[in-house]
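Everything on this sheet refers to the single structure shown next.
No lab work stands behind these numbers, since they all come straight from the coordinates. Just so we're clear, the structure is a prediction, and the values are computed from it rather than from any experiment. Quick reminder, even Gly has a Cβ in these numbers, built from the backbone with ideal geometry, and neighbours come from all protein chains shown.
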Amino acid sequence: MSFLSLKNINHLYFTKAQATAAVKDINIEVKEGEFISFLGPSGCGKTTLLSIIAGLISPSCGTVELDGKDLSTNDSPDIGYMLQQDYLFPWKTIKENILLGLKLQKKSTPENVEKVLQLLGEIELSHTENFFPRQLSGGMRQRIALVRTLATDPKLLLLDEPFSALDYVTKLKLEDLVFTTLKHYHKTAVLVTHDIGEAIAMSDRIFLFSTNPGKLSKIFTVPEELTSLTPFEARNHPSFPELFQTIWKEFEAIEQGTT
């Protein structure tokens, strides 16, 4: 049985003048522990799909199931969401920020708090416990955001272009950190990105979408010789450029078809 299942997802956005189809006929099955990417040009419905999975919006039709449960009928705390911006509360310390989820879910047991602080140490930021967000760099803040996202031990991680606001060197380092952390904790993850290289370096499978309306165009399975490596190592593997060119040609064809 699939861990995450999107069945016949369609979604319309309505204005006074018209109804616009954002995504159409989306069917996706994801295994537990799998890292997948949604890739495609702007307007192909990637973020809409992520919002539907997160329960932020309801699809016009279709269902989303996580671990066998229909998410439309369950308020699931089992999903973590990491965005481009860290959205840390500036008036709270780093420790207060990362423990907020546990507090809201009334799970602030000494054992859970210790696990979160241990994770902070694993990303080498334990010294920042009593700092405020303004005292940290953008990359450090995103690392804190990762800890906050993992603090409640979600079953599924949704990553909406979490590296796009960072400089390139920081982005590469954070890719490795997120990848190794999620693999270590055997988390299932969905990444939304415009970056083909990022999708290849981090994913087990890549779902390429076309536009008007957003439809699943093609699925690429990343070869094991790449998925067994860290993202930085994968980018330097001989198989990487070939897969990049294959996906690039498909991506380009989609963009040309919409111009």
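FRET efficiency for the Lys107 to His184 pair, using the beta carbon distance and R₀ = 22 Å, is estimated at 0.55. Residue by residue, segment 145-156 carries 3J(HN,Hα) couplings of 4, 5, 4, 4, 5, 7, 4, 8, 6, x, 6, 10 Hz when phi is fed to the Karplus relation 6.51 cos²θ - 1.76 cosθ + 1.60 (θ = phi - 60°); x denotes Gly or Pro.
For segment 91-152, the alpha-carbon radius of gyration amounts to 1.01 times the rule-of-thumb value 2.2 N^0.38 Å expected for a compact globular protein. Which of the chymotrypsin sites (Phe, Trp or Tyr not before Pro) found in segment 55-141 are loop residues per DSSP with 10 or fewer other Cβ atoms within 10 Å of their Cβ? Taking segment 55-141 and a limit of 10 other Cβ atoms within 10 Å, the loop chymotrypsin sites (Phe, Trp or Tyr not before Pro) found are Trp91.
Take every pair of alpha-carbon atoms less than 8 Å apart whose residues are at least six positions apart; their mean separation over the length of the chain yields a relative contact order of 25 percent. Mean sequence separation of contacting Cα pairs (under 8 Å, at least six apart), scaled by the length of segment 85-153, corresponds to a relative contact order of 52 percent. In terms of its Cα atoms, the chain spans 52, 46, 38 Å along the principal axes, sorted from long to short.
Where a Cα-Cα gap under 20 Å defines reach, which aspartates and glutamates qualify for Lys31, not counting those fewer than 8 residues away within the same chain? Output for Lys31: Glu65, Asp67, Asp70, Asp78, Asp153, Asp160, Asp204, Glu224, Glu225.
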